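What follows is one structure encoded as structure tokens, with my remarks underneath.
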Amino acid sequence: MRESAPGIALRAAVIALVLAWSAAPVFLVVLSSFKPTPEIFVYPPALVFAPTLEHYRTLFEKWPDFIWTLRNSAVIALSATLLMVFSSVLAGYVYSRYRGTALAGSAFFMVAIRLLPPIVITLPLYPVADFLKLSDSYTLLIVLYATFFVSLGSMILKTFIDGIPDELDQAATIDGATELQVLWRIIVPLSAPGMVAASVFVFVYAWNEYLFAFIFTTTRAKTAPVVISEMMGSLTGVDWGLLFAAASVQLVPVVLFVVLVQKYLIAGLTSGSVKG
Amino acid sequence: MRKFGLSQFAMLAPAQGMLLLVIALPSLYVFWLSFTESSYGTSPVFVGWENYAAIWNDRYFWRALVNTLVVINIIVYGELVLAFVIALVFVKGVPFRRVLLAMVLTPYAISEVVAIVIWKFMLDPNVGSLAKAMLAVGLPEISWATNPVHGLGLVSVISIWLHLPFTFIIIYSAMLAVPKELYESAIVDGATRWQSFRFITLPGILPAVFVALIFRYIFAFRLFSEVWLLTAGGPARTTEVLSIYLYKQSFTYASFGKGAATGWVMVLVSGVFAAIYLRLLYRRGFQRDA
């Protein structure tokens, strides 16, 4: 469509504003983490400077457990993703291939129950976790994170499995395959894109989550976001360079991941909320 | 279709089992707790409606409730308007679409903690670039730690920043899904640009927009980390929202009964939104699917 010059200028202005709003703040933090301390405070922020790694050095000297909490975050996020994908493929398969009133009811339960505010269950879980010796453990966070996303995962997987022709299942069954073989040989490989779509959400959530990590961990299972929040609070006269270094180490991997799997993210977002 | 049997039940067990054990049963236990009083190391004693009466008469509860309602409305509608404008620009076609899209989606990958770091730095009155830029054009300093309006305002901005990618994607996808032929025949029929927006785009995206809106209400209602990390409810408990109030009742003041009662108030309020949301989903063919 042809467009007037003011129209183009207006759209260009909106795009510039959108970038300044969404990406520039993140860019500023990563860039500033490489600036010598006095340069961080220069206004307007300089794009050209002599890069330094001093803040990263201070980070690992002053907060030696930061690297450890990053490892915790990685182990917890990956395990939660595995647990969620495993449960979701099984559930998604059943919801895709079977029908029944009880089944519809259980699907409804699945979608409805995840709408409860997570903070409500912290109160009863606190003593239970203590009793089961699960407070401050990987297991507790892994299960919590997987649970809050298993509904979305199952619905995403159901949508993807719906797209695999049932004739494939039937042909394999006639050839003598058991249902588990059908699942493993046909459904699992063909629904791989769905698994990626489901993984994006739970991984990003588990890597970044603050509320549960803050309430249920103290030392052993502490995650990176909790430590960064401590750095923010415990420093008298905030050491911004140090904070930026820590924030960059935490955010860069997950931002890259989201950029790489962008199209799955978009597919999952629409199918997981608007389509149920 | 095939018959549902024991092995299908077993396949559903991991997912349904987790939801039941981690969310459903604890929520019911909270319901019981809300009629009892207990603290660290004491067992629950039945007190009837006392906890509900106590929070009903607590002005901090009402303040938290009002704060929550005001803030989530600002967040949800702020997101909606911004997402709408950005989607309109994107749907017309933008250069480097994939790159631009990735940049718009960036905040989705950022944790609440890092978002707070970013915004605190940008608005720091001594060192922040945004604070200095605002000062230069005559805007006031944002004193989130001392001024509750500024505190909750900044919480809303940060929350919009974090969740705009979600709302944007929903609206953008809905706009893309409107059939191109409708616009073409509208042009043939001599419709103005405003008319084709008003009579084709808007009705086409409205159902998706409405579902997204309710969905965001449900999730915005959970608001905790942004407030906790920015103001922790202060100064003088003026910026508390319901989840902060619940946290403080339960873990700071160690009154599990009042915390549980607050929890059930939250369940009921989000239950109302959830009911609307689920009804909308059913109308859109959820029933046919599952």
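Annotation: lysines with alpha-carbon distance below 16 angstrom to residue A:158 (same-chain offsets under eight excluded): A:275. Projecting the Cα positions of B:255, B:281, B:175 onto the charge dipole of the stretch B:159-290 (unit charges on Cβ atoms of Lys, Arg, Asp and Glu, taken about the Cα centre) puts B:255 furthest along the positive direction. Just so you know, the Rg over Rh for chain B is 1.04, from Cα atoms, with Rh as the Kirkwood radius.
The alpha-carbon of residue B:92 sits under 17 angstrom from the alpha-carbons of these lysines, leaving out residues fewer than 8 places away in its chain: B:180.
When a 1.4 Å probe is rolled over the protein heavy atoms, the share of accessible surface on the stretch A:56-274 that falls to carbon and sulfur comes to 70 percent. Remark: chain A carries 42 Å² of accessible area per residue (probe radius 1.4 Å; ligands, DNA and RNA excluded).
If you take the Cα centroid of the stretch A:132-148 and the Cα centroid of the stretch B:179-193, the two points sit 54 Å apart.
Residues whose amide H comes within less than 5 Å of that of residue B:36, counting only those at least five positions distant or on another chain, are B:47 (H built at 1.01 Å from N in the peptide plane). Peptide B:120-127 is shielded by partner chain Cβ atoms: per residue, an average of 4 of them sit within 10 Å of its Cβ.
The longest part of chain B holding none of the exposed loop trypsin sites (Lys or Arg not before Pro), meaning those outside H, G, I, E and B in DSSP with at most 13 other Cβ atoms within 10 Å, is B:93-290. When B and A come together, around 9000 square angstrom of accessible surface is lost from both chains combined, probe 1.4 Å. Counting Cβ atoms of other protein chains within 10 Å of each residue's Cβ and taking the mean over peptide A:20-30 gives 6. Counting only protein heavy atoms and a probe of 1.4 Å, the accessible surface of the stretch A:5-54 is 83% carbon and sulfur. When only Cα pairs below 8 angstrom with a gap of at least 6 residues are kept, chain B shows a relative contact order of 28 percent. In summary, the aspartates and glutamates within cross-link reach of residue A:62, defined as a Cα separation below 20 angstrom excluding same-chain residues under 8 places away, comprise A:54, A:230, A:239. Couplings 3J(HN,Hα) of the stretch A:156-163, computed from phi: 5, 5, 4, 4, 5, 5, 4, x Hz, in residue order, whole Hz [Karplus 6.51 cos²θ - 1.76 cosθ + 1.60, θ = phi - 60°; x for Gly and Pro]. All C-alpha pair distances within the protein assembly as shown, sorted into 10 Å bins from zero, spread as 3, 16, 26, 27, 18, 8, 2, 0 percent across the bins.
FRET efficiency for the residue B:127 to residue B:96 pair, using the beta carbon distance and R₀ = 56 Å, is estimated at 0.95.
Could you compute the net charge surrounding residue A:74? Neighbours are other residues with a C-beta less than 14 Å from the C-beta of residue A:74; K and R count +1, D and E count -1.
+1
Mind jotting down the distance between the C-alpha centroids of the stretch B:96-173 and the stretch B:222-237, whole Å? Here the answer is 16 Å between Cα centres. Rounded to the nearest 20 debye, the dipole size of chain B about its Cα centre is 660 debye, using +1 on the Cβ of Lys and Arg and -1 on the Cβ of Asp and Glu.
Taking N as the number of residues in chain A, what value does Rg over Cα atoms divided by 2.2 N^0.38 Å take? Let's see the in-between values first.
Numbers: Rg = 23.2 Å, N = 276, 2.2 N^0.38 = 18.6 Å.
That works out to 1.25 for chain A.
Once each of the chymotrypsin sites (Phe, Trp or Tyr not before Pro) sitting in a DSSP loop with at most 13 other beta-carbon atoms within 10 Å is removed, chain B keeps B:97-252 as its longest stretch.
Past 32 Å, Cα to Cα: identify those pairs from A:133/A:263; A:133/B:248; A:35/B:248, in the order given.
Over 32 Å Cα-Cα: A:133/A:263; A:35/B:248.
Here is the list for the stretch A:62-141: trypsin sites (Lys or Arg not before Pro) lying in DSSP coil, each with at most 16 other C-beta atoms within 10 angstrom of its C-beta, are A:99, A:133.
The values are calculated or read from the model by the stated rules, or taken from the named source; none is laboratory data. Note that the structure is predicted; figures quoted are calculated from it, not measured. A quick note on method: Cβ atoms are made from the backbone with ideal geometry, for glycine too, and the neighbour counts reach across all protein chains shown. We work out accessible area using only protein heavy atoms, side chains counted, and drop any ligands, DNA or RNA first. Shrake-Rupley method; radii C 1.70, N 1.55, O 1.52, S 1.80 Å.
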